[in-house]
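First comes the structure, then the notes that go with it.
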Amino acid sequence: MKFRHLLTALGVASSGVAITILVALPALRRRIAAAMAGRFALPGKQLDPLSWIQVLPDERIRLLVPKAEMGQGAHTGLAQIAAEELEVPLDRVEVAHASTQQGENKYRGTFGSASIHDLYDPLRRAAATMREMLRAEAALRLGVPPETLVARDGRFETIGRAQRGISYSALVDEKTRWQAPKEPVALKSPDQFKVIGQPLPRVDGRAKVTGQAIFGQDTRVEGVLYGAVVRPPTIEAELLSAQPGQAPTMPGVVTVVIEDGFAGVVAETSAQARAARDAMDVTWTKGRLWQQADLEELVTVGGAHGVTIQRAGNAHSILAQDTTLRAEYRTGMVAHASMETQAALAVAGTSGITVWTSTQAETFTARQVAQALGLNVRQVEVIPTFLGGGFGRKAGDTVVSSAAVEAARLARAAGAPVHVGWERREEFRNGYVRPMTHHKLAARVRGGRIEAVAWQEASGDSVLGFTPHRELVARVVGFDPGATRGAWIYYNIPHRATTVWRRRMPLATGQWRGLGLVPNLFPIESFMDEAAHAAGQDPLHFRLAHLSSDEDGRRMAAVLTAAAERAGWGTTPPAGRARGLACCYYHGTVVAEIAEISLDEVAGRIRLHRVVAAIDCGRVINPHQVRGQVKGCVVMGASSALMEELTVKDGRVVAGGLDEYLLFTMADTPAIDTIILNRPDVKPSGCGEAPIGPLAPAIGNAFYALTGVRLRHLPMTPQRVLAALACRRDDQPLPLDEPMARHRNERNL
Amino acid sequence: MSLRTTNKATSSVQPGDATAGDCAITLHINGRDYALTVEPRVTLLDALRERLLLTGTKKGCDHGQCGACTVHINGERALACLTLAVMQQGHEITTIEGLAEGNALHPLQQAFIAQDGFQCGFCTPGQIMSAAALVREGRARTDDEIRELMSGNICRCGAYNGIVDAIVAVLEAPDAAV
């Protein structure tokens, strides 16, 4: 959808597409890259209040939203926005995620940190419109002019001596047919805001702390059965044959399902389904048995089909004559590892099917279920539940097999409701991962400034897997626009050239929190530090000197300065510790972070003690939520920077559990100090992803400050740290990486 | 059709035939008796989530590696995925659903809300059950000790510092009856 909008907005007429594209292709690609870097505003769409806002009989409001609640607090923020214009206290607003048959088909899908940004204006307008519809009706009922009524606390009251009023619930009680006016209504003046901007508690808080909140994993109906599906044992394995084997005779088995390319078992419990599934006779092709080194060789810059996504001046010719700094970086594959795995409950009826599932992309889900069952999409209702973590993983119905499609197929075959919940092992080995990347940077640094920089990047796919006509789009666009998030150089460098190579990896890769932000920010923000040191300058001052003088540059300067001041940048850290700095721009939000680390040189373990984060995400709807997202991004960013890597051996992802793929625990978590620079004059932008970018480079930069050694390969595991320190000790040139055998992260010596 | 969200009535009748070796047991959960028939290998976690529809206790890994399934057995924290249902007869099992007293939230539940101790909420029941037992254990006094003794409860959303704040708030409350 985004591509169609982009192409329309860029004025590419349908009839001249082929010729226009060929002629304008390089420039078109750079404009697409610029658009994806957040310098392009798509037109907003109006919301019909009657489709989304419901006045309930008991003085409550039900707000339907097209966005998932996955811990980022979107439901709370959206409720605050609606409550503000409706003049209703927040604790009388309940929020539900609209099913695919509720609401209008607008603003669906929860990604890109866009929920508040996209819905701020339309939701305010819809709520205000509803308020005015209610006011008109109240005026009629009370027999007074509408302008003499004040909306307050879910009621309209007359101003003046004779206090008369009527509640919203009473208004809807008698009148059941409403029509939204077409003329725009006046929005509340921001200086009157009582709810927006307040640190109010989460609307779903009580449900979450009592265990009453229903996640996809928890969905049940009368007579529910459980399903397990056969999984390819290697990356390229394809189903050759499937026979029931011992499965039909095993306890609790209701039916064994074998269809084209799909096989599974339905049983009374999930354990019985899995045991029976494992007892089926299934054969697979093996395909190529990929090794980690094969993948790294594939994802390496160079060769044909490099696409320039950003260009200013003549970086290549300048650097051909004179390069003063070169660097190379790699980032590994990473898992989402949300606490709730994929799960769905499907109930097939005579004319359609209902699927409950935790999803960030309910329309994708509905479409895939319809396709799999040969139904019209209107016969499929997907009801989104709470998500036990999304991070980009729960939007994958077009990329890999999804629990929703599996449950639907099994439910139809069994003639009964079927729940499918993925096992943790399946989550690691049969989902999609954040793709590998490789980077080479070169620069000319003169007189304390970067005069020219060239950045080469190779990356596996991030969003192309979710795009219809994937290979055609890949050929036309030439790069993956999700993989290049964070690759846009904002610094004021006169000669810039960024070239990317799209490398489709053999295993499924896709969106991970921030998409390309973490894989790109590590090289560029590490490189900025390398350039600063080459120029003999402090990394903070170096960055400030390279900021543009526009609004973005000023906002970046403000967060850099705020973080530096709070962190004590420039003062001596506690003994054995060092600080590193990094900053990023993402979808209109700017973040600067400073990490303070120490190092156990014997174990090779980096200990993260403190992170100071300064964030400007425009007007803040709820500071609690912003703080929460910063904290969450810091933990996930640091965990993935220090500990997390999926490796492949003999054609298969190695890790199968949380004992092999280690995540930060409470004991690993640093003190996190968040400074919010509230900018009420700037439209709210997102905070769910931007703060994850700076962690890895801030830690890497702190490591350099501490040891004089540059780490170039994420994650910064003890093996890599020890190898780097050994090179320093032996005065050897630092290789990019030591040979990767089976990855094991030692936690205790 | 709407979702079943309340636990099944006690029943020892299996849909379909009971297999030889199934055990008829009674589990005492949140002050109530539940009669059910299970295979010996059925975990307490699966019995809770699939037989009794008490889905407040979560399955994060099913291998004892994440802590999401933490419940209390005789007041002590235990991982329901590593516990066999048939071995729990005669024990007092408490799940997240049994922590609040009617509408009155447990002090930890209140603290988790006040201190932002959660984001997606999936690990939250396990965190709260683990924290409640931790407080009763009486061994965690410092921030570091709390973190170490809670390190078996993974939170991918990274709400850890809010969780610590919530636990500290309860530990420091004047009459912390936990």
Filter segment A:391-431 for residues that are of a type outside the set (Lys, Arg) and within 19 Å of the chain's Cα centre (by Cα) and give the result. A:391, A:392, A:395, A:396, A:397, A:398, A:399, A:400, A:402, A:427, A:428, A:431
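Looking at A:700, A:688, can you tell me which residue is crowded, with 24+ Cβ neighbours inside 10 Å, within 14 Å of chain B (Cβ to nearest Cβ) and in contact (Cβ under 8 Å) with a residue 12 or more places away in the chain?
Unique residue meeting the criteria: A:688.
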In segment A:601-608, is there at least one residue being touching a residue at least 60 places away in the same chain (Cβ under 8 Å), more than 28 Å from residue A:528 (Cβ to Cβ) and within 21 Å of the chain's Cα centre (by Cα)? no
Just checking, does segment A:405-416 include any residue being modelled with pLDDT of 95 or more, in contact with a strand residue (DSSP E or B) (Cβ under 7 Å, 6 or more places away or on another chain) and of a type in the set (Val, Ile, Thr)? no
By residue number, the members of segment A:374-399 that are part of a strand (DSSP E or B) and either open to solvent by less than 10 Å² (accessible area, probe 1.4 Å) or away from every other protein chain (no Cβ under 11 Å) (or both) are A:380, A:382, A:384
Between B:133, B:159, which is touching a strand residue (DSSP E or B) at 6+ places or on another chain (Cβ under 7 Å), under 19 Å from residue B:110 (Cβ atoms) and not polar (S, T, N, Q)? B:133
I'd like to check something: does segment B:63-79 contain any residue that is within 9 Å of chain A (Cβ to nearest Cβ), modelled with pLDDT of 95 or more and open to solvent by 50 Å² or more (accessible area, probe 1.4 Å)? yes
Please state which one of A:151, A:180 is of a type outside the set (D, E, K, R), assigned to a strand (DSSP E or B), surrounded by 14 or more Cβ atoms within 10 Å (Cβ to Cβ) and touching a residue at least 40 places away in the same chain (Cβ under 8 Å). A:151
Which of the residues that make up segment A:337-373 are away from chain B (no Cβ under 14 Å) and of a type in the set (Gly, Ala, Ser)? A:361, A:366, A:370, A:372
Any idea which residue in segment A:655-667 is farthest from the other protein chains (Cβ to nearest Cβ), counting only those that are open to solvent by less than 20 Å² (accessible area, probe 1.4 Å) and touching a residue at least 40 places away in the same chain (Cβ under 8 Å)? A:655
If you go through segment A:175-225, how many residues are out of contact with any Leu (no Cβ under 9 Å at 6 or more places or on another chain) and within 11 Å of chain B (Cβ to nearest Cβ)? 11
Among the residues of segment B:89-101, is any modelled with pLDDT of 95 or more, in a helix (DSSP H, G or I), touching a Pro at 6+ places or on another chain (Cβ under 7 Å) and crowded, with 21+ Cβ neighbours inside 10 Å? yes
Scan (1) among the aliphatic types (A, V, I, L, M); (2) over 30 Å from residue B:54 (Cβ atoms); (3) assigned to a strand (DSSP E or B) for the single condition residue A:136 breaks and write down its number. (3)
Selection over segment B:86-132 where residues are hydrophobic (A, V, I, L, M, F, W, C), at the interface with another protein chain (Cβ under 8 Å from one of its Cβ atoms) and free of Cβ contacts under 8 Å to residues at least 60 places away in the same chain yields a count of 10
Which residues, counting only those in segment A:363-373, are farther than 19 Å from residue A:111 by Cβ and either open to solvent by 10 Å² or more (accessible area, probe 1.4 Å) or in contact with a Leu (Cβ under 8 Å, 6 or more places away or on another chain) (or both)? A:369, A:371, A:372, A:373
Tell me, which residue of segment A:249-258 that is open to solvent by 50 Å² or more (accessible area, probe 1.4 Å) and under 17 Å from residue A:416 (Cα atoms) is nearest to the chain's Cα centre (by Cα)? A:258
Before we move on, is residue A:441 in a strand (DSSP E or B), in contact (Cβ under 8 Å) with a residue 40 or more places away in the chain and of a type outside the set (S, T, N, Q)? yes
Segment A:401-452: number of residues that are over 30 Å from residue A:265 (Cβ atoms) and buried (at least 24 other Cβ atoms within 10 Å of the Cβ): 9
Go through (1) crowded, with 17+ Cβ neighbours inside 10 Å; (2) in contact (Cβ under 8 Å) with a residue 24 or more places away in the chain and name the single condition residue A:245 misses. (1)
Quick one: which helices (runs of 4 or more DSSP H) sit completely within segment A:264-362 and have at least 1 residues that are open to solvent by 40 Å² or more (accessible area, probe 1.4 Å) and of a type in the set (Asp, Glu)? A:270-278, A:292-298
Somewhere in segment B:150-164, is a residue more than 7 Å from chain A (Cβ to nearest Cβ), open to solvent by 10 Å² or more (accessible area, probe 1.4 Å), part of a loop (DSSP other than H, G, I, E, B) and hydroxyl-bearing (Ser, Thr, Tyr)? no
Take the conditions closer than 30 Å to residue A:382 by Cβ and either charged (D, E, K, R) or in a loop (DSSP other than H, G, I, E, B) (or both) and apply them to residue A:186. Does it pass? no
Yes or no: segment A:495-517 includes at least one residue that is in a helix (DSSP H, G or I) and either in contact with a helix residue (DSSP H, G or I) (Cβ under 8 Å, 6 or more places away or on another chain) or surrounded by fewer than 20 Cβ atoms within 10 Å (Cβ to Cβ) (or both). yes
Residue hits (segment B:26-51; surrounded by fewer than 20 Cβ atoms within 10 Å (Cβ to Cβ), more than 9 Å from every other protein chain (Cβ to nearest Cβ) and touching a strand residue (DSSP E or B) at 6+ places or on another chain (Cβ under 9 Å)) are B:26, B:28, B:30, B:31, B:33, B:35, B:37, B:40
Test: residue A:239 is in contact with a strand residue (DSSP E or B) (Cβ under 7 Å, 6 or more places away or on another chain), more than 14 Å from chain B (Cβ to nearest Cβ) and open to solvent by 20 Å² or more (accessible area, probe 1.4 Å): yes
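Results for (1) within 12 Å of chain B (Cβ to nearest Cβ); (2) at pLDDT below 95; (3) over 14 Å from residue A:692 (Cβ atoms); (4) in a loop (DSSP other than H, G, I, E, B), shown as yes or no for each residue.
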site: A:596; (1), (2), (3), (4): no, no, yes, no
site: A:606; (1), (2), (3), (4): no, no, yes, no
site: A:610; (1), (2), (3), (4): yes, no, yes, no
site: A:618; (1), (2), (3), (4): no, no, yes, yes
site: A:628; (1), (2), (3), (4): yes, no, no, no
site: A:644; (1), (2), (3), (4): yes, no, no, yes
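The values are calculated or read from the model by the stated rules, or taken from the named source; none is laboratory data. All values derive from a computational prediction rather than experimental measurement. We place every Cβ from the backbone using ideal geometry, glycine too, and count neighbours over all the protein chains shown. Just the protein is used for accessible areas: all its heavy atoms, side chains included, with ligands, DNA and RNA removed. Shrake-Rupley method; radii C 1.70, N 1.55, O 1.52, S 1.80 Å.
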